[in-house]
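The values are calculated or read from the model by the stated rules, or taken from the named source; none is laboratory data. Because the structure is a prediction, the values reported are computed rather than measured. All Cβ positions, glycine included, derive from the backbone under ideal geometry; neighbour counts span all protein chains shown.
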Amino acid sequence: MVLAWAPTSVALMEFGVGGKLLGSTPFLIGGISVGPLGFEAGVGVSSQEFPGHDRTPLVWYSALAKYYVPLAILDWLDPYVAGGVVGMWTSVDELGPPSPPPPPDGPAADAQAQGGSASGGVVGLDLAGGAEFGLGPVRLFGGLDWIIVADELTLSGHGTEETLPLDVPSLTVHLGIRYDF
């Protein structure tokens, strides 16, 4: 007696690169999918003006696991639900509001000459839902994200800390394009 086993379906593994807007923040993304499961990672850059500081660059990162909901009726439309982490990191040159210029000599001048920077970040959750539309290897996608992060950012450096308000919308849209190969 010979036993043989053959898979009834083959899961196709796809890799892709592209870009997306998460709210108003542009991201470069990369992804992989196998059957109905996918993973997407990205990095983005935006800026925010904090009280007492110039416009400060923010570096964003995200990692999402996706589940593509099968639709037998429309094979060109792939709705998905996703969940993962989103985070942000930033650095400023000096903590606190600008101070008046120090006298040319003395302890205040020595402290300012040492300078210093501070950095900090936040990590939160990103729950999303959307749909992808296939045009050959090009995929257009869009949907809604519910982002759960702290509304304050604590920067620390050189033994001091400063808490700044962080402006991140909790409900936002994402739109993007990806090339799969």
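A few remarks follow.
- Taking the conditions (1) within 21 Å of the chain's Cα centre (by Cα); (2) over 19 Å from LYS20 (Cα atoms); (3) at pLDDT 85 or above in turn, GLY129 satisfies each one other than (2).
- Filtered residues of the stretch 45-80 (kept if of a type in the set (Gly, Ala, Ser) and either modelled with pLDDT of 85 or more or under 14 Å from the mean Cα position of the chain (by Cα) (or both)): SER46, SER47, SER62, ALA63, ALA65
- Filtered residues of the stretch 70-84 (kept if touching a Phe, Trp or Tyr at 6+ places or on another chain (Cβ under 8 Å) and either part of a strand (DSSP E or B) or at positive phi (or both)): LEU77, ASP78, PRO79, TYR80, VAL81, ALA82
- Selection count where residues are without any contact (Cβ under 8 Å) to a residue 40 or more places away in the chain and either crowded, with 19+ Cβ neighbours inside 10 Å or in contact with a Lys or Arg (Cβ under 6 Å, 6 or more places away or on another chain) (or both), scope the stretch 34-45: 2
- Residue under evaluation LEU37, criteria (1) among the hydrophobic types (A, V, I, L, M, F, W, C); (2) modelled with pLDDT under 95; (3) farther than 21 Å from SER170 by Cα, criterion not met: (2)
- Those residues of the stretch 144-173 which are outside any strand (DSSP E or B), exposed (fewer than 13 other Cβ atoms within 10 Å of the Cβ) and under 14 Å from the mean Cα position of the chain (by Cα), in sequence order: PRO169, SER170
- VAL138 meets each of the listed conditions (1) touching a helix residue (DSSP H, G or I) at 6+ places or on another chain (Cβ under 8 Å); (2) modelled with pLDDT of 95 or more apart from (1).
- Of all residues making up the stretch 46-69, the number that are assigned to a strand (DSSP E or B), closer than 20 Å to ASP167 by Cα and touching a residue at least 40 places away in the same chain (Cβ under 8 Å): 2
- Residue, modelled with the lowest pLDDT, within the stretch 8-34, restricted to residues that are touching a His at 6+ places or on another chain (Cβ under 9 Å) and aliphatic (A, V, I, L, M): LEU22
- Residue pairs whose Cβ atoms lie under 6 Å apart, sitting 6 or more positions apart in sequence or on different chains, and linking a residue in the stretch 132-143 that is in a loop (DSSP other than H, G, I, E, B) to a partner that is among the aromatic types (Phe, Trp, Tyr) and loosely packed, with under 14 Cβ neighbours inside 10 Å, are PRO137/TYR179.
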